[in-house]
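The structure under discussion appears below in the form of structure tokens.
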Amino acid sequence: MPTLLFNLGKHPDGLEMSIMPRRLHSHAKSSELTTNSHSPIRFVPASTLSESRIIFNESLPDLNSTELLALRRKQQRLRNSIPSTVDLARETSPQAVRALKSTLIFGQAEAGTAVCIDARGWILTCAHCFGETRQEWQTYRRKWLLYYTGLAVQVECRVWDPRRDLALAKVIHVEMEQPQPGVANMRCPIFSYISPATMQDPTASIFCIGQPGADDLESRLPRKTAYDLIEVSGGRLCGLIPNVDPHDNSEIGVLKHDAWTYWGHSGAPLLRSSDGTLVGLHSSWDDSTAMRHGVPLIAIRAFLEANLPAGPAGPAGPVHHPIELAGQSESDAIVIDSSE
């Protein structure tokens, strides 16, 4: 079936799609819901986004046939499991259903998770989800991500900070089925998003939404896990690693938590149960203690305040155009030209 691609701005061409995630030990029901009734994106008149244009295509940009097939299989699994995914979120926390609409999973054959933090389509995840090295990030900075409804968006990583282990990406394409007549006048997307908390509660009750990897890394023999593509789990924050710079998450996340995760959860939002605000990103785990780790709120807020372009939907308070991060050299965070 032809698809409608919303092109959300200028971007470099010719990048080959792939993914090389860090292999960490990070770790039936009925709801009468449909993709349309719980869409993570709504559309407003296009005059607010003059560079948008609509194109029809039977495939997706920057994906070869193998990668496209893997994405389509994930899409179908997600669409088939919408009711059970929403029910699981409801059972975990009253805030989790709203948070579900702002969480995305990487669409390639492996795994990875991300969260939308701005209504303009700015996506936050771990830096290692886009690459362990600068060369890897530069080569593979475009990825296709999926919402729990199966809706696909293509993002381009604009800021890559390996020290904080944070990456900021911008949605550049939204895949839609062929629209009804007149939809061309309603083509500017507004994205569901989660705001960062204002303060870190070191022992807050939390929930986590993420994508477990398909490979069973705890088995001696090659086999697959039985996890759903999106899992929702509850737990608590367990403080920070003492005497460690909270902005240095390059080896392991400084934030500790005990919500269930698995490999593939990297980049998954850690959300406060009381209000659904973002208090961390899951990134790794310590196999000697079985403690889960993540990027703490203080690092997330500093990263967004330094790198999220100013606009009406900036969730982290006053934000500025990309600049050098406080306390870091220019080489710590890499910002690409994001002409829009």
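The values are calculated or read from the model by the stated rules, or taken from the named source; none is laboratory data. Worth saying up front: this structure is predicted, and the values here are computed from it rather than measured. We place every Cβ from the backbone using ideal geometry, glycine too, and count neighbours over all the protein chains shown.
Quick one: count up the residues across the range 257-316 that are part of a helix (DSSP H, G or I) and over 14 Å from the mean Cα position of the chain (by Cα).
Here is the first cut: in the range 257-316, the residues part of a helix (DSSP H, G or I) are 297-307.
Imposing the further condition that a residue be over 14 Å from the mean Cα position of the chain (by Cα) reduces the set to 297-299, 301-307.
Summing the residues that are part of a helix (DSSP H, G or I) and over 14 Å from the mean Cα position of the chain (by Cα) in the range 257-316 gives 10.
Those residues that are modelled with pLDDT of 95 or more, within 16 Å of L240 (Cβ to Cβ) and hydrophobic (A, V, I, L, M, F, W, C), I need them from the range 279-328; list them, please.
Selection gives V279, L281, M291, V295, L297, I298, A299, I300, A302.
Which members of the range 284-307 meet the condition of being within 22 Å of V171 (Cβ to Cβ) and in contact with a strand residue (DSSP E or B) (Cβ under 6 Å, 6 or more places away or on another chain)? Steps first, please.
To start, the set of residues in the range 284-307 that are within 22 Å of V171 (Cβ to Cβ) comprises 295, 300-301, 303-307.
Passing the criteria: V295, I300, R301, F303, N307.
Could you tell me how many of the residues in the range 194-236 are crowded, with 22+ Cβ neighbours inside 10 Å and in contact with an Asp or Glu (Cβ under 6 Å, 6 or more places away or on another chain)?
Summing the residues that are crowded, with 22+ Cβ neighbours inside 10 Å and in contact with an Asp or Glu (Cβ under 6 Å, 6 or more places away or on another chain) in the range 194-236 gives 1.
From the list A114, A89, which one is more than 11 Å from the chain's Cα centre (by Cα) and of a type in the set (A, V, I, L, M)?
Values: A114 fails: more than 11 Å from the chain's Cα centre (by Cα).
Only one candidate passes the filter, namely A89.
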